[in-house]
1. Per-residue counts of other Cβ atoms within 10 Å, averaged by peptide: what ranking do you get for 513-520, 249-256, highest first?
2. Cβ under 13 Å from MET481's Cβ, MET481 left aside: what net charge do those residues give with Lys, Arg +1 and Asp, Glu -1?
3. Could the peptides 218-225, 58-65 be put in order, highest first, of the mean number of other beta-carbon atoms found within 10 Å of their residues?
4. Report, by chain and number, residues whose modeled amide H sits under 5 Å from the one on GLU18, excluding near sequence neighbours (fewer than 5 apart, same chain).
5. Just to confirm my numbers, what's the Cα centroid distance between region 271-310 and region 406-449 in Å?
6. Looking at PRO59, ALA384, PHE429, which one has the Cα that reaches farthest to the positive end of the dipole of the chain (charges on Cβ: Lys, Arg +1; Asp, Glu -1)?
7. Give, in whole angstrom and from largest to smallest, the semi-axes √(5λ) of the equivalent ellipsoid of region 237-324, with λ running over the eigenvalues of the Cα gyration tensor.
8. Just how far, in whole angstrom, is region 106-127 from region 69-95 if you go by their alpha carbon centroids?
Amino acid sequence: MKPGIEPTLLVHNDTGGEVLTCREGLSFWGGVDPDTGVIIDTHHPDHGARLAGRIVLMPTSRGSCSGSGVLLQLARNGQAPAALVFREPEDILTLGAIISARLFDRPIAVLRLPADLYAALSRSGKAEIRGDLLHFDHHGIELSRPDSNGLSLSPRDRGMLAGEDGPARQLAMEVLCLMAAAQGARELIDVSRAHIDGCILAHDANLDFAEKMDEMGAKTVIPTTINAISVDRENWRGQGVPAGFGGKASRLADAYVNMGARPTFTCAPYLLDDVPEEDEAIGWSESNAVIYANSVLGARTQKHPDYLDLFVAITGRAPNTGVYLAENRKPVCEIDVTVPASFDDALWPMLGWLAGSKSPAAIPVLAGLEHLSPMPDDLKALCAAFGTTSAAPMLHVRGHTPEGGLPLADGAGRSEIGLDDLRQLWREFNAGDEGIDLVAIGSPHASLAETRRFAHLLDGRRCHDGVRTIVTVGRTTLAGMKAEGILEGLQAAGVQVLPDLCWCSITEPVFPEDASVIMTNSGKYAHYGKGLTGCTMRFGSLEDCADAAVTGRVTPGLPAWLATDG
């Protein structure tokens, strides 16, 4: 039986509280304050609601894989929901609750209900969970529990599960089996490589988890890359970063490196020299990377939550479910896109954000773009923005992605993106003042081609004295910039180039303390930026960002390509 069809108790805890029903899915990372439990995503309809101590309903989570760590931090500081209740399959927060209970003795109940019971509970004022029963109003609903005993495990799996490879792999296999049962998987599969996301010091939970696993002797068994971290690992001491924060951030990075991860420190592992091949089964975390790998490269990976990514890396195994299976990669929604006759690169992140909002939990295919010629950076921006508004681990683009020609799944829905949608989103992304004081490039990490083009767009001009312009990159890109002279040219123009960290992790004083209006070309950062920083946002093309860096201002109103119907 597929998970979610019958009332299921995924993580047990006797609890109760007031019911809060979120009108749409929520990314806990970037969407919930890890210290207070308040929704900080300014684009979410329940912005400002407090989750702590409540029975929180949402269709499923969305967005960042790092939501599992935020939930763990909330549990550790007493600000977690009493229970989470989902209507659709959900992995990220479920995994966070499992880790919170098993490693830190802070259980959070997690349930999955069929649509009719979910709707009935959403109309109730209070609910409680006692044993295997959910009580609300006059209902007493029996809850089943996932059973991992039916999994088909290899002899090596069973050995790890029995502790033959030590306590770290035993724990990893126990959790992988629990997640597999919850996901409805029948077996585990080999994966060839991993990418670890939970290395940002957004809170102490990430550090405590990593150091606990390191102390347990965890070691990777497959090639493993590591995400962007919270500091420039080699230079933070000279950048004014407080020793306490910089030391903890370095310890977090070092723990994963000690466990066997390569110190790549990039949120765009698809920009490295060795990229996954089509149909290769991999175990990646980091939402934008997962979506790019599935959609653009044609590789196969679930959107693994933080912490589960390490368990995949130290076992080389993952539940054989979701988009690892060919039948689950078919589009279940077709989105017909109408674009103007002319446009710039700002179009692609906007299309990604809108596609996610039109298909918040399922894989879509975008149609109507076959005549266009998107560059890799365009598809990177599309995938990253899609991940902010959808829980799906991939999307298709007819004519441009390897599986864009797949037939629609039975019963597939249809939707549209038109000029009015683009105009409305442009206005939503551009709520800030026309005067800007920070330009943010590199969310996800900028590619070598993107930095080359940014240098060309500046064309020898120097950044405005009142504007900080920062580009975040991975180490491989930085080496390429040095070799081509791009780094020297950008620095001469007043641009600061930072490796290792990214806009999801940057903090003061590296993030300018007096910034109030941020200009970016990233749909991902346009979405999360205000909630993360308190600053208002402006959005535009890479050329718009270059011009704003030089003038300190943005052009008011819609861009020319959106202002007309032609």
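The values are calculated or read from the model by the stated rules, or taken from the named source; none is laboratory data. Everything quoted here is computed from the prediction, not taken from an experiment. Note: ideal-geometry Cβ built from the backbone for every residue, glycine included; neighbour counts use all protein chains shown. These area figures cover heavy atoms from the full protein model, side chains too; ligands, DNA and RNA do not enter into them. Shrake-Rupley method; radii C 1.70, N 1.55, O 1.52, S 1.80 Å.
1. Ranking the peptides 513-520, 249-256 by packing returns 249-256, 513-520.
2. +1
3. Ranking, from highest mean packing down: 58-65, 218-225.
4. Sorted by chain and number, the residues that satisfy this are ILE55.
5. Each part's Cα centre sits 22 Å from the other's.
6. PRO59
7. They are 28, 15, 11 Å, listed largest first.
8. The distance from the Cα centre of region 69-95 to that of region 106-127 comes to 14 Å.
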